[in-house]
Structure formats: structure tokens, C-alpha cells
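**Q** Provided herewith is a single structure, encoded as C-alpha cells, for subsequent inquiry.
Values quoted throughout were computed directly from the atomic coordinates according to the rules given, and no laboratory measurement underlies them. In this text the structure is predicted, and so the values were computed from the model without any measurement. Positions of Cβ are generated from backbone atoms using ideal geometry, with glycine treated the same way; all protein chains shown enter the neighbour counts.
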Amino acid sequence: MRKTLVALIVVAVLAIISPPAHAWVPNGLKWPTNVYTVMLSGFGDNWVKSCNGLVKKHTGIDLSLSAGAAIYATYWGTVQAKFWSSGDPQIDWGYAITISHGYQTSGNWWTSTYHHIDPVVNAGDTVKRGQLIGFVHYTSAFPTHLHFGVRDSAYSNIGNAGALPQTACGGYPAFPEYFKNPWHLSYMP
């Protein structure tokens, strides 16, 4: 209970002092869970995997959640990708989905990504802000968590990435590319 309260206070302070979101990512997003929880890994944290010897950087935040916790769409959009999370083949990572969000009148598009989930939506489905999109998947070797990422650009395969190299490598652009720190965006109930 105390950890949850501390996490909630931290989120409230960050919301007050955070810089405004890029014009493409609107204010008033829905937090992807019903609770504010402890962050296991932050935006830009180093990953042990590397590209040509360079440490990759985390493109989202990892939120500590129990297996089966509900996950919600952060905004209206269309599910662009549903795929099995890659990584160590010895570990059951669960699925990931990427949702494309945008404004038809302005042509401004952005994406949100949710890794380590058991989705209840499929590629091509339209979702609403706050709609149930899946449940946290039990990962077999790490603390169970949700990876939540936001990318301030139209959908591409890069939007599915959980980490990017520090410099362009292996067909991937350098971190942060168009990824944004989810803690610095504006959320409403």
C-alpha cells in the first residue's frame, strides 16, 4: 500500500513538472492500468542486449503488475500489429500490440505499444480510449510487468521495438527516434 501511495505521489509530481507533450500526442490520455504502480525499468534505461557492441536503450517504461491485471487503450485508434514478443526463446514473453492513433483532419499520427500482454483485440480492430485491450501476461523469468511505450510518429515496424541502439544499427534508427517518455505525458481518469 505504501509503495502504491509513493508511486501515485511521484506520478502526480511528474504530471505537474512535466514538459508538455509534442503536438501530435494529445493531453488527456488514459493510463494503461487501473493503478499507478512501481516502475521496474524507465525510459532510456540500458538493456543488456547490444547491437555491434552498443547497449540498447529502453523505448518505454516497465510497470510492475500482477499477471492478469487489466490493460486499457490509452487513446482512440486502430490496432496495427499483434505479435509474439521476441527475446530470449527460453522465456515466455507473451504478446505485444501496437495501436495507431491520429487525427484525420491534420494528418498527425502517433502510436502506443503494450508488451507482455494476453490481448483481447486483433490487428485491424478499432479501440476507444479506456477500452480493455488485454491482460498482463505471466513472464517466466522476470518480474511480471507491462512494457508501455509511446511513439510520436505514424506506425512503422520501429514502433514495435522495446529497445533501440544508441546509434543506427542493423536497420534500426538510434534511440530515442520518435519515442517519448510516457511519464512526461498528460493522463486523465
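**Q** Checking the cross-link filter: which aspartates and glutamates have an alpha carbon closer than 15 Å to that of Lys49, excluding same-chain neighbours under 8 positions apart?
**A** Straight-distance partners of Lys49: Asp88.
**Q** Can you give the Rg and Dmax of segment 136-189 based on its C-alpha atoms, in angstrom?
**A** Considering segment 136-189 through its Cα atoms, Rg and Dmax are 13.5, 40 Å.
**Q** Also, I was wondering about something else. Want the number for Tyr138 to Thr167: 0.36 nm per residue separation, take away the alpha-carbon distance, what's left? List each step's numbers first, then the result.
**A** Details: separation 29, 0.36 × 29 = 10.44 nm, distance 3.21 nm.
Contour length minus the Cα-Cα distance gives 7.2 nm.
**Q** Considering only Cα-Cα distances, which of the following residue pairs are longer than 22 Å: Lys56/Lys128; Lys57/Lys128; Lys30/Lys180; Lys30/Lys57?
**A** Working: Lys56/Lys128 32 Å; Lys57/Lys128 30 Å; Lys30/Lys180 16 Å; Lys30/Lys57 25 Å.
Beyond 22 Å between Cα atoms: Lys56/Lys128; Lys57/Lys128; Lys30/Lys57.
**Q** Tell me, in nm to one decimal, what length is gained between Lys128 and Ser66 on full extension, where the rule is 0.36 nm per residue of separation less the Cα-Cα distance?
**A** On the way: separation 62, 0.36 × 62 = 22.32 nm, distance 2.39 nm.
Extending this stretch completely gives an extra 19.9 nm.
**Q** If you plug each phi of segment 156-164 into the Karplus form 6.51 cos²θ - 1.76 cosθ + 1.60 with θ = phi - 60°, what whole-Hz ³J(HN,Hα) values come out, in order, with x for Gly and Pro?
**A** 8, 4, 4, x, 8, 6, x, 7, 10
**Q** Could I ask something else about it? By count of other Cβ within 10 Å, fewest leading, how are His116, His101 ordered? Write down the numbers at each step before the final one.
**A** Details: His116 28, His101 25.
Fewest-to-most Cβ neighbours within 10 Å comes out as His101, His116.
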